[in-house]
Amino acid sequence: MKERDESLYYVRDIPVPETPDPGTEPKPWNKTEIVGKPMPRVDAYERVSGSAVYPSDTLLPGMLYGVILRCPHPNAVVRNVDTSGAERMPGVYAVISGSNAGSELKWPYAPGIRPKFFDAHCHFEGEVVAAVAAETPYRAWDAGRAIKVKYDVLPFVSDPRDALRPDSPAVHQKGNLAGDVQKYERGDVNKGFAAADVVLESEYRTSVEIHTPMELHGCVARWDGDLLTIWESTQGVYAVQSRVAEVLGLPLAKVRVIGHYLGGGFGSKLQTGKYSVIAALMAKKTGRPVKLFLSREETFLVTGNRPPSYMKLKAGVKSDGTLTALEFQCLGAGGAYPSGGVQLVDWQVRDLYTCPNVRTEGTDAYINAGLARPFRAPGHPQGSWALEQMMDSLAEAIKMDPVDLRLKNIPNYSQARPGNPPYTTTGLRECLEAGAKAFGWKEARNRKSKPEKTEKIHLRRGIGMAGCLWVAGSGQPPSTIILKLFSDGSANLNMGASDIGTGTKTIMAMVVAEELGLKPDKIQIENADTGATQYATPSGGSKTVPTEGPAVRAAAIDVKQQLLKLAAEELKIGSADLTIQDGEIISAGDQSKKIKITGISGLKKRGVIVGVGYRGPNPKGKAVNPFGAQFCEVEVNTKTGEIEILRFVAAHDSGRVMNRLTYDNQVIGGITMGIGFAMTEARVLDRSETGKLCNKNWHDYKLPTALDVPAEIVSIPIELDDSEANSIGAKGHGEPVTIPTAAAIANAVYDATGIRVTDTLINPVQLSRLLSESKERK
Amino acid sequence: MKEESKPTLCNCAQGVTRRGFLASVGAGAVAVAAAGKIAAESSTVPASPEEMARTALLINGRKYHLLVEPRWSLLFVLREKLGLTATKVGCDRGECGACTVLVNDMPQYACMILAVEAEGAPITTLEGLMNAEELGPVQQAFLEHDAFQCGYCTPGQIMAVEGLLRRNPDPSPEEIKRSVSGNLCRCGAYAHIFKAVRRAAELKSAKGGGQ
């Protein structure tokens, strides 16, 4: 049986076509003129001027506003929906529910699980019950509130630890186990533990983190006859197209999805929500465009989360730092339908450090709550929270520097993949060494052992670090790119992929500019439109640059070869020794033979050269993964439990740095998000009384603000020559940068206080309690 | 001289037409009676089109005469009625700052102000920082320092910084942090935002006090 490649989670349940193998791959760049430099974004003007039209900015003539009425209970059956009051309201154009428009539709929650779209049995708070379209959102909410719904409220379960008890309410008839227990094993952990000098065991727990991108989830839907156009805030227009077409039974060509900009996603906009289908249904019913963006509260309930992880890790190490065994268990909960509640949580344990004996087990329970969705490096920050704190504890137990312990166990091949493929590059050693150097790790540890007398006794400083790898980030087919070079030397790049804020478009312009010797501002990019651009998988998995980049380069080379042929004809020499420099084509053998691109008469006649590029396959028998290490210093107030993060150093091996400016921005963003995961963000469900979400807003669910981040975040790129990975040599970057952050903070807090905080959140509430408990023990 | 434009908004005609339509098919009386009953039960009584309020908003130096429902927020009117969509909606409940505009030069959340409350006060949105197609100094600084990722919180961040620099042309690092602490950036680009604020202060002082 073929093992499912979990690293491809971002194309889960959507059809992915193949693109042709381009055959020969171009040689890697020796040196670059444009790629790698810090360059402001090609669409920065649009974003800072306000001229960028995000999907939520869309205004169409005659547009109505939609709202969704959702089940307020975690488990309930809808007995009756009375929409008459809503329908009679002036300004209300459509009211839909299970008894009319969408009654025959199904919604594919997972393969083989296709309940009715308006299923009477609502398995989680926020399930769709009815929807309204009206002249204004105010009136639509009036109408939504006027809909009377009778529910039979049923017992619920909201915690995976409760869900697996025999007396627990069953989320589904077959019980609360969401799929088989996932098991992985290599070697013999018992032998490994027997061979160890030190064996430690601990439990760790991480809270549920909710994506909450700034732009709300939603879309505008409009029909032109049988053509449905959807402007959607999405990470993947083709993913939305295929799902909407499937649910509504429409031909793919009759569903056009456009998403030129989006205000953040972090994985929560990889998939399609019911709202897009609802907007389409109401637009059909009213004959008018319908704008349907969720409220902020709804996005907390139904647009995904990083699921809870209840972890147990047992580790064995020899006194010289050799890891002998790792045994890991995780209990998680994706929600009310299968959605990867323990997906990839064990990957750090399986593959980050050399260890011959590893056993992992993941149990995903159903609970009556909104479904998980992939969240920036799914599973990894949770697994890192456990593994990297354990590494710290092991290092202390054998009296070894935590950096040295990690350096002792660096793998050069993937132990967890079948066949143990070697990595094209593993920069983990370089990340650890260069990061420690830039941070001043040794010096800081020495200072620590001789504390200064002048320090205020209740303000204690500590340092901590953590390493990481990211399971994906290689990129892979398919990708098709079309590049048009116009006779005036400007170019138009056509790419299906979304730029989710990571700077994808800018990097692609830099690749074209590098290859064709154009100025990046001469390149216009059209992207993320199923009607007008090429197929692309959703932008997730940190694979967009290594997927699209090589295809863009191939398209540019295709254009270049055609261009050089035209120039050669004009110069009456062979095209083999022609090169492009600053808009001119020059013969390498005879520098006097040259012609401006805009002067080539063959190009003038044709007006445009069209180049096509495909993404070639990845190297066979190799693994392509990014690595990293982060270091931080904190100051803990032992009277109040307050924690200030003083500084961070992040060394990441993501292959070639494509744009230093956006590269560093990803690092600071990943660390900021990691600070939230460690210290401020936790979903709270009312476990005993109602099962409802208690903190569905940003007042009660706290994101890191400008006051929560350190003033100093230093990014140290580790650029190794990774010409094997792909033709641009870049690996994924957006996700690894958030993996080790939380564990590094926990390790620093331990260093400062001697308190091992094994459960998120590390905040004054928990830390002051732990501080006083430790005082009582003394 | 500021140009004054005439009323650009009137929903009343549409509302009346809708009512007329209902009456003409003979359901009007029933509908009105039923709606009245619901309204009596509900704590939020929707304003009928006849109850729309006249207001005049002074936005980016231009006066707009409008008919609005008293409950409409300034944010809703800016985005959905005037098409000034640079001002973003992140939460609609005073938490995130994506809708920050300047009212009397002070940063304010447009979602927390009713349009009728804003009457007469000079309002500046991101569009108002532009000189035709040319970026203002704060916008230019954000561009140079890549002080955003997805860009959705950016208009609000820029307005918060604009407000800061109008009252304090040379802010300290602490003042910079505080000034944007009411503006969430989920992408976490804060560290670049801090740099951009310093750059914006330079650009503004080079321009002689800026806008």
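The values are calculated or read from the model by the stated rules, or taken from the named source; none is laboratory data. Values in this document were obtained by computation on a predicted structure and should not be read as measured data. For neighbour counting, all protein chains shown are included, and Cβ atoms are generated from backbone atoms with ideal geometry for every residue, glycine included.
Output the residues belonging to the stretch A:273-302 that are within 27 Å of A:Val208 (Cα to Cα) and part of a helix (DSSP H, G or I). Hits for the stretch A:273-302 are A:Lys274, A:Tyr275, A:Ser276, A:Arg296, A:Glu297, A:Glu298, A:Thr299, A:Phe300, A:Leu301, A:Val302. Note on the stretch B:167-181: residues that are buried (at least 18 other Cβ atoms within 10 Å of the Cβ) and farther than 19 Å from A:Gly50 by Cβ total 4. Filter the stretch B:72-92 for residues that are within 7 Å of chain A (Cβ to nearest Cβ) and either among the aliphatic types (A, V, I, L, M) or in contact with a His (Cβ under 6 Å, 6 or more places away or on another chain) (or both) and give the result. The answer is B:Ala86, B:Val89.
Do you know which residues across the stretch A:267-289 are more than 29 Å from A:Val16 (Cα to Cα) and either within 14 Å of chain B (Cβ to nearest Cβ) or β-branched (Val, Ile, Thr) (or both)? Scanning the stretch A:267-289 gives A:Thr286, A:Arg288, A:Pro289. Output yes when any residue across the stretch A:194-213 is at pLDDT below 95 and among the small types (Gly, Ala, Ser), and no when none is. Looking for residues that are at pLDDT below 95 and among the small types (Gly, Ala, Ser), one finds none in the stretch A:194-213, hence no. When we screen B:Val138, B:Val101 for residues that are β-branched (Val, Ile, Thr), more than 9 Å from chain A (Cβ to nearest Cβ) and touching a helix residue (DSSP H, G or I) at 6+ places or on another chain (Cβ under 9 Å), the only hit is B:Val101. Those strands (runs of 3 or more DSSP E) of the stretch A:178-225 in which at least 1 residues are outside the structural domain of A:Ile113 (by TED's automatic domain parsing) and within 25 Å of A:Asp686 (Cα to Cα), considering only elements entirely within it, cover A:198-206. Of all residues in the stretch A:62-82, those satisfying the criterion of being within 12 Å of chain B (Cβ to nearest Cβ) and out of contact with any helix residue (DSSP H, G or I) (no Cβ under 8 Å at 6 or more places or on another chain) are A:Gly62, A:Met63, A:Asp82. The set of residues from the stretch B:49-71 being surrounded by fewer than 23 Cβ atoms within 10 Å (Cβ to Cβ) and within 11 Å of chain A (Cβ to nearest Cβ) comprises B:Pro49, B:Glu50, B:Glu69, B:Pro70, B:Arg71.
The rows are residues; the columns are (1) more than 13 Å from chain B (Cβ to nearest Cβ); (2) out of contact with any Asp or Glu (no Cβ under 7 Å at 6 or more places or on another chain).
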site	(1), (2)
A:Leu661	no, no
A:Ile671	no, yes
A:Gly674	no, yes
A:Ala706	no, yes
A:Ala730	yes, yes
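Screening the stretch A:347-361 for residues that are among the charged types (D, E, K, R) and farther than 14 Å from A:Ser414 by Cα and picking the one that is surrounded by the fewest Cβ atoms within 10 Å (Cβ to Cβ) gives A:Glu361.
Does A:Val403 satisfy the criteria of being β-branched (Val, Ile, Thr) and under 20 Å from A:Ala623 (Cα atoms)? Spelling it out, it is not the case that A:Val403 is β-branched (Val, Ile, Thr) and under 20 Å from A:Ala623 (Cα atoms). Among the numbered conditions (1) at the interface with another protein chain (Cβ under 7 Å from one of its Cβ atoms); (2) outside any loop (DSSP other than H, G, I, E, B); (3) touching a Leu at 6+ places or on another chain (Cβ under 8 Å), the only one that B:Glu117 does not meet is (1). Any residue at all in the stretch A:228-248 that is in contact with a helix residue (DSSP H, G or I) (Cβ under 9 Å, 6 or more places away or on another chain), within 14 Å of chain B (Cβ to nearest Cβ) and not in a loop (DSSP other than H, G, I, E, B)? The answer is yes; a qualifying residue exists.
Consider the stretch B:104-114 and keep the residues that are surrounded by fewer than 22 Cβ atoms within 10 Å (Cβ to Cβ) and over 19 Å from B:Leu164 (Cα atoms). The one that is farthest from the other protein chains (Cβ to nearest Cβ) is B:Ile113. Residues in the stretch A:458-479 that are more than 16 Å from the chain's Cα centre (by Cα) and closer than 21 Å to A:Val624 by Cβ: A:Gly467, A:Gln476, A:Pro477, A:Pro478, A:Ser479.
This table checks each residue for (1) out of contact with any Cys (no Cβ under 8 Å at 6 or more places or on another chain); (2) surrounded by fewer than 21 Cβ atoms within 10 Å (Cβ to Cβ); (3) among the polar types (S, T, N, Q).
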site: A:Gly676; (1), (2), (3): yes, no, no
site: A:Thr680; (1), (2), (3): yes, yes, yes
site: A:Lys702; (1), (2), (3): yes, yes, no
site: A:Ala711; (1), (2), (3): yes, yes, no
site: A:Asp721; (1), (2), (3): yes, yes, no
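Per the conditions (1) more than 19 Å from A:Thr705 (Cα to Cα); (2) out of contact with any Cys (no Cβ under 6 Å at 6 or more places or on another chain), the sole criterion not satisfied by B:Gly151 is (1).
Need the failing condition index for B:Glu95 against (1) within 18 Å of the chain's Cα centre (by Cα); (2) surrounded by 22 or more Cβ atoms within 10 Å (Cβ to Cβ); (3) assigned to a loop (DSSP other than H, G, I, E, B); (4) facing another protein chain (nearest Cβ under 8 Å), just the number. The failed condition is (2). If the condition is being part of a strand (DSSP E or B) and over 12 Å from A:Met391 (Cα atoms), then the stretch A:303-324 contributes A:Arg306, A:Ser309, A:Tyr310, A:Met311, A:Lys312, A:Thr324.
Residues that are farther than 27 Å from A:Phe118 by Cβ and either over 32 Å from the mean Cα position of the chain (by Cα) or buried (at least 17 other Cβ atoms within 10 Å of the Cβ) (or both) within the stretch A:151-163 comprise A:Asp159, A:Pro160, A:Asp162, listed in sequence order.
Screening the stretch A:687-700 for residues that are over 21 Å from the mean Cα position of the chain (by Cα), in a loop (DSSP other than H, G, I, E, B) and buried (at least 16 other Cβ atoms within 10 Å of the Cβ) and picking the one that is farthest from the other protein chains (Cβ to nearest Cβ) gives A:Gly691. Checking the structure you have, find out if any residue of the stretch A:492-505 is surrounded by fewer than 20 Cβ atoms within 10 Å (Cβ to Cβ) and modelled with pLDDT of 95 or more. Among the residues of the stretch A:492-505, at least one is surrounded by fewer than 20 Cβ atoms within 10 Å (Cβ to Cβ) and modelled with pLDDT of 95 or more, which makes the answer yes. Would a scan of the stretch A:506-521 turn up a residue that is in contact with a Gly (Cβ under 7 Å, 6 or more places away or on another chain), surrounded by fewer than 24 Cβ atoms within 10 Å (Cβ to Cβ) and not in a loop (DSSP other than H, G, I, E, B)? No, the stretch A:506-521 contains no residue that is in contact with a Gly (Cβ under 7 Å, 6 or more places away or on another chain), surrounded by fewer than 24 Cβ atoms within 10 Å (Cβ to Cβ) and not in a loop (DSSP other than H, G, I, E, B). Please work out if A:Pro55 is touching a Phe, Trp or Tyr at 6+ places or on another chain (Cβ under 6 Å), closer than 23 Å to A:Thr234 by Cβ and more than 9 Å from chain B (Cβ to nearest Cβ). For A:Pro55, the condition - touching a Phe, Trp or Tyr at 6+ places or on another chain (Cβ under 6 Å), closer than 23 Å to A:Thr234 by Cβ and more than 9 Å from chain B (Cβ to nearest Cβ) - is met. With the structure loaded, tell me whether B:Phe148 is in a helix (DSSP H, G or I) and at the interface with chain A (Cβ under 8 Å from one of its Cβ atoms) or whether it fails that test. In short, no.
Going through (1) out of contact with any Cys (no Cβ under 7 Å at 6 or more places or on another chain); (2) on the phi < 0 side of the Ramachandran plot; (3) of a type outside the set (A, V, I, L, M, F, W, C) one by one, A:Gly379 falls short only on (2).
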